[in-house]
Amino acid sequence: MSKEIKVGIIGSGGIARVHAIAYSKMDFVKIVAVSDIVKERAESLSKEFNAKAYANHEDMLKENDLDLISICTPPFTHRDIALDVIKSNINVFCEKPLALNSKEAKEMVDEARRRGLYFGVDFQNRFLPQHVKAKELLNEGAIGKLIQARFRVGYDILEAVPPSAPMREWLFDKEKSGGGVLMDIGSHWIDLSRMFVGVEAKNVSAEISRNIENIEVEDNAMILILFKNSVHTLVDVSWTQQNEQWPVELYGDQGTILCNLTEKKIVLYTRNRKYSNDGKIRTITPQLPEIGEPHEYLIRMFVNSIIRRNEPPVSGYDGYKTQEIIDAAYRSANEKIKVIL
Ligand SMILES: NC(=O)c1ccc[n+]([C@@H]2O[C@H](COP(=O)([O-])OP(=O)(O)OC[C@H]3O[C@@H](n4cnc5c(N)ncnc54)[C@H](O)[C@@H]3O)[C@@H](O)[C@H]2O)c1
């Protein structure tokens, strides 16, 4: 690979700009080309980042010698676009949710592995300073053995994604998005549960519901995941809550970690002797690491993993395993069963 990493971006909507900003901050990376089926969106992004604009990714692949492509299109397009990119021997950084289902996700990941290509997924919430610190404390044994965890998100989707947003074209359309809140923010929060627990899931039970009028996807989901180390987690995601909240709660046999993104802090309650001389419960508010914008952090680490030939920070396999839990959650809710993975 040449010293300069030549990047292309497919899809030029909201998240594409976030990827472009991240790449533009790296000296050894050049954004060469961007595409969008709505050519004006590609042109607008290309002007801002001094790249070529294309109305389809096939021409972009034919005419440029790229090292890495960000896929920033809606979920129903991810599989076909990723396979086109991979078959052109180009590394992939794909938006979440990785695909419409785990079968598609596995195809994408297997093809990249067969060709020895790097495949990353944009689960940037792992790199929010609160989550990085919480994982560090968990690994240090600050709360002892993890017993259970809760990952909650609630906000008002109609406020967050107004009718004028381009996302409205696909987000509430089941064929294009693959599902509602579970696919959208649920994929992030399920990935977080896998990261914190550190082993794969054993079984999944879920309930989903649809409450907003005139949308065809679920707007609330509660998923109970039992992991192979007996840790059980609740992933509870809602598009219909007016008091926005993003709490992550980790409960161990010697303490508790509470993360609260809205307050930008975490609190550790522990009787672990490393933190408490007399073994009584202490309340500590640890300083958070300076991470910067989490997409930028993850994209930089992914590019570095390609250059240094290391494991990517979040791999296609992570995207696939999260999708497997999502599939199991839909099946559990629809068939009213506990799904064994
Ligand atoms: N990681 C995150 O936190 C995060 C945040 C926002 C969005 N996303 C994900 O990013 C993806 C895109 O979301 P968005 O908010 O940017 O949506 P968006 O609607 O703003 O942009 C998507 C763009 O893709 C274009 N497009 C559709 N099909 C295409 C194709 N075949 N080829 C090229 N372009 C095509 C559309 O015209 C549109 O401009 C989704 O998978 C979404 O879940 C992730």
Along each principal axis of its Cα atoms, how long is region 199-326 end to end? Whole angstroms, biggest number first, please. 56, 42, 32
Cα-based convex hull, region 1-81, per residue volume (Å³, whole number): 83 Å³
Computed Kirkwood radius, in angstrom, where 1/r is averaged over Cα pairs of region 259-341: 17.2 Å
Using the Cα centre as the reference, give the magnitude of the dipole from point charges on the C-beta atoms of the chain (Lys, Arg: +1; Asp, Glu: -1; all else neutral), rounded to the nearest 20 debye. 1380 debye
With labels modelled as points extended 7 Å from the Cα through the Cβ direction, what inter-label distance (nm, one decimal) is found for Phe28 paired with Lys47? 3.3 nm
In whole Hz and in residue order, list the ³J(HN,Hα) couplings for region 204-214 that follow from phi through the Karplus curve 6.51 cos²θ - 1.76 cosθ + 1.60, θ = phi - 60°; x for Gly and Pro. 9, 10, 8, 10, 10, 8, 10, 10, 6, 5, 6
How much of the accessible area of region 249-295, in percent, comes from carbon and sulfur atoms when a 1.4 Å probe is used? 46 percent
Could the peptides 113-119, 125-131 be put in order, highest first, of the mean number of other beta-carbon atoms found within 10 Å of their residues? 125-131, 113-119
I'd like the projected area of the chain, averaged over all directions, using the convex hull of its alpha carbons. Report it in nm² with one decimal. 17.5 nm²
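In deg cm²/dmol and to the nearest 500, what is the mean residue ellipticity at 222 nm of the chain if only DSSP H runs of at least 4 residues count, each as -39500 (n - 2.57), divided by the residue total?
-11500 deg cm²/dmol
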Net charge near Ser205 (other residues with Cβ under 14 Å of its Cβ; Lys, Arg +1; Asp, Glu -1) is 0
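Extension gain Leu83-Arg115, at 0.36 nm per residue separation less the Cα-Cα distance, in nm?
10.4 nm
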How far apart, in nm, are two points set 7 Å out from the Cα along the Cα-to-Cβ line at Asp156 and at Ser276? 4.0 nm
If you take every residue apart from Phe227 with its C-beta less than 11 Å away from the C-beta of Phe227, what net charge results, scoring Lys and Arg +1 and Asp and Glu -1? +2
Write down the accessible area per residue of the chain in Å², having rolled a 1.4 Å probe over the full set of protein chains. 45 Å²
Region 222-262: radius of gyration over Cα atoms, expressed as a fraction of 2.2 N^0.38 Å: 1.38
Between region 213-276 and region 4-67, the Cα center-to-center distance that results, in Å: 36 Å
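Compute for region 138-234: radius of gyration divided by Kirkwood radius, i.e. Rg/Rh, restricted to C-alpha atoms, rounded to two decimals.
Numbers: Rg = 15.9 Å, Rh = 15.0 Å.
Radius of gyration relative to Kirkwood radius: 1.06.
The values are calculated or read from the model by the stated rules, or taken from the named source; none is laboratory data. Keep in mind it's a predicted model, so treat the numbers as computed, not measured. Note that we place each Cβ from the backbone using ideal geometry, even for glycine, and neighbour counts take in every protein chain shown. Ligands, DNA and RNA are stripped out before the accessible areas are found, and what is left, the full protein with its side chains, is counted by its heavy atoms. Shrake-Rupley method; radii C 1.70, N 1.55, O 1.52, S 1.80 Å.
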